[in-house]
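Data block below; observations after.
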Amino acid sequence: MELDKAICGEDLECLEELKQLPTFLKKVDDHAKYLAIVRVSDELPLVKSIDIKKTREAAERVVPREFVDYLIRRALYLKYGGGVANNRCKVCGEPASLIILRRQDTGIFESLVAEARCICGSTWPTELWRCPNCDVRGRENFEVYLLDELRILKCKKCGYKFGEAEQPQDPIRLQTIHVKLALLLRKI
């Protein structure tokens, strides 16, 4: 809930819309599965390999304009899979905007494994305390802002902001947190 308040403040209409976000994201994924995407090249990132004008026109028929690029990125991810190319999302060409922390049982102890994640859903292994944009490493290189659901990190070297959260069990919950993070990062 703290993340919702950071996005909306006291705007009750905004807060109500955020409650509907998981249902909306499920519908977007349903549209993404059937969005007609024609690749015109083998270029990476994948978003550069499609006829973007036609794809945007098709996407605008099923989602609000502010979600068109998101729908296209999700559709590419769902159709072609994800991955990493040159430390950037293979689908979108963007650095990770969320680091997912997963607990791993090592026998006697438990450790955290970090996975970089793009808003499209693409993931790849990464290191803790590493900037997804400029690759600087070390806790001392980040400002950290704490919220209930996640932490926001700001790289002191390049200024890139991204989130860090423990992996929820529900994939829709993960996507919802990621979209909320993207909405918040637009504001700050």
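A few remarks follow.
- Tabulated pairs, the stretch 6-21, first closer than 16 Å to ILE177 by Cα and in a helix (DSSP H, G or I), second basic (Lys, Arg) and open to solvent by 90 Å² or more (accessible area, probe 1.4 Å), C-beta under 9 angstrom, 6+ apart or interchain: ALA6/LYS187; ILE7/LYS187
- Residues (assigned to a loop (DSSP other than H, G, I, E, B) and either in contact (Cβ under 8 Å) with a residue 24 or more places away in the chain or crowded, with 21+ Cβ neighbours inside 10 Å (or both)) located in the stretch 110-127: CYS118, ILE119, CYS120, GLY121, SER122, THR126
- In summary, ALA75 fulfils each of the numbered conditions (1) at pLDDT 95 or above; (2) open to solvent by 90 Å² or more (accessible area, probe 1.4 Å); (3) touching a helix residue (DSSP H, G or I) at 6+ places or on another chain (Cβ under 9 Å) with the single exception of condition (2).
- Within the stretch 104-125, the set of residues being under 15 Å from the mean Cα position of the chain (by Cα) and on the phi < 0 side of the Ramachandran plot comprises ALA114, GLU115, ALA116, ARG117, CYS118, ILE119, CYS120, SER122, THR123, TRP124, PRO125.
- Neighbours by Cβ (under 6 Å, 6+ apart or cross-chain): first from the stretch 32-49, free of Cβ contacts under 8 Å to residues at least 40 places away in the same chain; second part of a loop (DSSP other than H, G, I, E, B) and open to solvent by 20 Å² or more (accessible area, probe 1.4 Å): VAL38/ASP51; VAL40/ASP51; SER49/SER41; SER49/GLU43
The values are calculated or read from the model by the stated rules, or taken from the named source; none is laboratory data. Everything numeric here is computed off the predicted structure, so don't read it as measured data. Note that each Cβ is placed from the backbone with ideal geometry, even for glycine, and that neighbours are counted across all protein chains shown. Please note that ligands, DNA and RNA were not included when accessible areas were found on the heavy atoms of the full protein model with its side chains. Shrake-Rupley method; radii C 1.70, N 1.55, O 1.52, S 1.80 Å.
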